[in-house]
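Worksheet: one structure, shown below.
Read the figures in this text as sums done on the coordinates, not as results from a lab. What you see is a predicted model, and the numbers here were worked out from it, not measured in a lab. Note that we place each Cβ from the backbone using ideal geometry, even for glycine, and neighbour counts take in every protein chain shown.
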Amino acid sequence: MTDLRLTSEDQATLNGERGAAAGMAMAVLVRFCAALGAGGLLDIARTHIDGCLYHGQAGLDFVDRLVALGGKVQVPTTLNVGSVDLIHPELMRVKREDESPMRRLMSAHLALGCAPTFTCAPYQTRFRPRFGEQIAWGESNAIIFANSVIGARTNRYGDFIDLCCALTGRAPAWGLHLDANRRGQILYEIVGLSASLAASDSLYVAVGLVIGEKSGDHLPVINGLPPPRDEDQLKALGAAAASAGSVAMFHAVGITPEAATVGEAFGGRTPDQTIAISEADLAQALARLSKVPDGSPISAVSLGTPHFSLDEWRRLIPLLRRYRPQRNIPIYVNTGRDTLSELDRTGELAELHDFGVRPVADTCTYVTAILKEIEGVVMTNSGKWAYYAPGNIGVTVAFGELEDCVRSAAAGRVTRGS
Amino acid sequence: MEREAVAVIAGNAEGMALVLSQPLSFWGGIDVATGRIIDANHPDQGETVTGRILVMPGGRGSSSSSSVLAEAIRRKTAPAGIILARTDAILAVGAIVADMLYAVRMPLVVGDTEGLVSDLPTEIRDVGASCCVIRQDARAGGIPPLSRA
């Protein structure tokens, strides 16, 4: 069916001439190309591996096989979150026999030469890719951020295939690696926003949810998005879109680097479809995230999905000082270990424990049995967390702005708005 | 009803169809121990994919779904086969790796899903050249239903 053309070097890799592990990785890539109709492979500059979350024996079997065959990554390679907080093991509420394979999976990746970043926000580390760079990234929020906000080029690589790209330095030449597939297809026009929604972080989550739900695998272009305060708002938008749908890239006209104008975003073509997004659409999308009314008691707050950046910490800290939560309601903050080291170095972390802040590194509160009170209501400002946590760890979610999360922790109950 | 589909993973499978109106993310969407759909936002929450011919518009969400599908195949809680209206790279990788590690081949095909309905015996048959035939038969004497609980 496919006309897959391998270079002589790819063929040599496939034949095992660069080691048995690279040969196995190339064999997966070749079948993957055949499955997708990709015509060949291209060089990549870096990879981000989403294989450190333990989903069962299969993931470990795959990495163990590559380690046993002597595999090494061929390009700078970052690691996504794992199932264990290696920095704060005391937070873990996992049985020792269950934790052992989780740790083994994380260390097996280090044996392949991956960097121990253990973060879902590799774009906010020193491994951030550059505009136009070809990369092979796993982790849906990282994929959409790299493509949309930075203008690097990756498809939605999943577990296994990202590692195969890392071990070979090659990726299938298809999809969003290629100019033709980076043009917009659906135009979303945001109309009639109120000043209060336009000024909120929630706006970006809501827009993400709406385009995620409506776009299928078509590339959305957002027109009329208020200029974001910083890239963390676009990070929230992308994470929500990639949770509610399979969106791997969006353009925001006048904001993202390949969309200076509507015309550029669509590559000169006309949109297949135009959809208006109203304030009511956005309010409904946000309302669906919260399953309890205002005033309901909460047992915890979870922030940092995707991992909190330094800027996000520095927005949180003044809010903590202002509202001074003292009710022993834990405020879990997922973040990268490098971000945490920086906060430690500057002394900014010292006072936070008294407010209930519990930094979580290397993992995320919704993938692991880390929360003390897993049956209660947990408040979050993350659309992605609100989307996945109920299914993964059985909590009930209340969604709100960052400030509302802190106020709620101080009040002990869901407190939103003015 | 019988039609051709493109084989992403060629192979043979049969089971009762489970037709989902919305794409399902295996990660966060499936309990890998039981095969049950646990995504609270999914209209088919509570259904079980194990042994079914899973029919859906496409994949969705997290790139961890490859591992979850491979693990479900290893544990024998996966669908017997998957029919998608549009291809999904993340599910394809899970199926390729399960085949390489465990020599278990779960067919994954892409084709027209229009008219396929749940709870009818459904078959995916490998006819070679990266092509599979999908067959669903409502009449008695068609493919015998699996006696799975």
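Between residue A:260 and residue A:111, the modelled label-to-label distance comes to 5.1 nm, taking each label 7 Å out from Cα in the direction of the beta carbon.
Residue A:310 sits among other residues whose Cβ lies under 14 Å from its own Cβ, and their net charge, with Lys and Arg +1 and Asp and Glu -1, is -2.
Identify the trypsin sites (Lys or Arg not before Pro) of the stretch B:1-108 meeting these criteria: DSSP loop state and at most 15 other C-beta atoms within 10 Å of the C-beta.
In loop regions of the stretch B:1-108 (DSSP not H, G, I, E or B), the sparsely surrounded trypsin sites (Lys or Arg not before Pro) are B:76, B:86.
Here the stretch A:8-180 is treated as a Stokes sphere of Kirkwood radius computed over C-alpha pairs; at 25 °C and 0.890 mPa s its diffusion coefficient rounds to 151 µm²/s.
The simple Förster model, with R0 at 60 Å and r as the Cβ-Cβ distance, assigns residue A:180 and residue A:95 a FRET efficiency of 0.75.
Counting other Cβ atoms within 10 Å as a rough exposure proxy, the listed residues A:380, B:50, A:270, B:34 run A:270, B:34, B:50, A:380 from fewest neighbours to most.
Note on residue A:291: lysines with a C-alpha under 17 Å away, same-chain residues under 8 apart excluded, are A:384. Of the three principal axes defined by the Cα atoms of the stretch A:300-411, the extents in descending order read 37, 29, 21 Å.
In deg cm²/dmol, rounded to 500, what helix-only [θ] at 222 nm does chain B give when every DSSP H run of at least 4 residues adds -39500 (n - 2.57) and the total is split over its residues?
-5500 deg cm²/dmol
Note on the stretch A:312-370 and the stretch A:104-175: Cα centroid distance 26 Å, given to the nearest whole angstrom.
Summarising the label geometry, the points placed 7 Å from Cα in the beta-carbon direction at residue A:272 and residue A:296 lie 3.7 nm from one another. Of all lysines in the structure, the ones whose alpha carbon falls short of 25 Å from that of residue A:95, not counting any fewer than 8 places away in one chain, are A:372, B:76.
Here the protein assembly as shown has an Rg and Dmax of 22.9, 75 Å, counting Cα atoms alone. Computed about its Cα centre, the charge dipole of the protein assembly as shown is approximately 620 debye, with only Lys, Arg, Asp and Glu carrying charge at their Cβ. With 16 Å as the cut-off, how large is the P(r) tail for the stretch A:183-287, expressed as percent of Cα-Cα pairs? Value for the stretch A:183-287 (Cα pairs over 16 Å): 51 percent.
Size check on the stretch B:2-136: the Cα extents along the three principal axes, sorted descending, read 36, 33, 21 Å.
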